[in-house]
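See below for the structure under consideration.
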Amino acid sequence: MGLEHGTLHRAPQDAELTLRLHESLEAWAQVKGALGSRDFLVYLAGPLRGDGSPAAIRHNQGMMLRQARWAQSVLPMATLLVPHTNFAFLDESRDPGGRVRELALRSCEKVLERCDAMLLCGRELSPGMARELKLADRLRIPTLQVPGWDGPSGATAGEDEGAA
């Protein structure tokens, strides 16, 4: 018939997508079950810096905004703290010595200290997320993990335009 069968049989890709969706819904159900409908102050932690380029940072800020929208829909009574937006005015891409990065992380830690819970967004911990998790553990702040973006913490310029 002239049909290319490879394009008709997407079972492996569809199965993978279905599993990822199920995993995500399960994780968010656990968040809702753990935090309920009470008014919590919730810190969202996710990768920011990526490869350090402005494009990677913008990409990760946009991805975190998507995560925040999910979190707000799952936890409508929660007050979300999203460092990706709270500290967006800091330009880490022009900071080869790491002074701005350290200032940002210390500021994030001060904010986290006041929170009732923390959401780790993504499967892998960035160095900043690992630092935040260590503090949350020390302060006994409940931490829950939800799937985030599956790709690398960065994008080519213009790849994620309009995410914010």
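Using 0.36 nm per residue of separation minus the Cα-Cα distance, give me the extension gain between E26 and Q72 in nm, one decimal.
Numbers: separation 46, 0.36 × 46 = 16.56 nm, distance 1.63 nm.
Difference between extended and current length: 14.9 nm.
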Legend entry - Sorted peptide list for 66-74, 14-22, criterion being average Cβ within 10 angstrom, highest first: 66-74, 14-22
Legend entry - Three principal axis lengths of the range 76-118 [C-alpha, angstrom, descending]: 39, 18, 12
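When a/c reaches 1.5 or more, the comparison of a/b and b/c decides; with that in mind, is the range 7-114 rounded, prolate or oblate per its Cα gyration tensor?
Working: a/c = 3.10, a/b = 1.30, b/c = 2.39.
Cα axes put the range 7-114 in the oblate bin.
For the range 52-105, what does the relative contact order come out to in percent, with C-alpha contacts under 8 Å and a separation of six or more? Present the calculation step by step, with values, prior to reporting the outcome.
Details: 22 pairs, mean separation 19.3, N = 54.
Answer for the range 52-105 is 36 percent.
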Inset, instruction - For Q13 paired with D39, estimate the spin-label separation in nm (one decimal), with each label point 7 Å from Cα along the Cα-to-Cβ line. - result: 4.7 nm
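Quick one: with all protein chains in place, what share of the accessible area of the range 103-149 is carbon or sulfur, to the nearest percent (1.4 Å probe)?
On the way: 1270 of 2520 Å².
C and S fraction of accessible area: 50 percent.
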Legend entry - Span per principal axis, largest first, for the Cα atoms of the range 20-82 (Å): 38, 27, 14
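The values are calculated or read from the model by the stated rules, or taken from the named source; none is laboratory data. Nothing here was measured: the structure is a model prediction, and the numbers come from that model. Every residue, glycine as well, gets a Cβ built from its backbone with ideal geometry; the counts of neighbours run over all protein chains shown. SASA here: full protein model, heavy atoms, side chains in, ligands and nucleic acids out. Shrake-Rupley method; radii C 1.70, N 1.55, O 1.52, S 1.80 Å.
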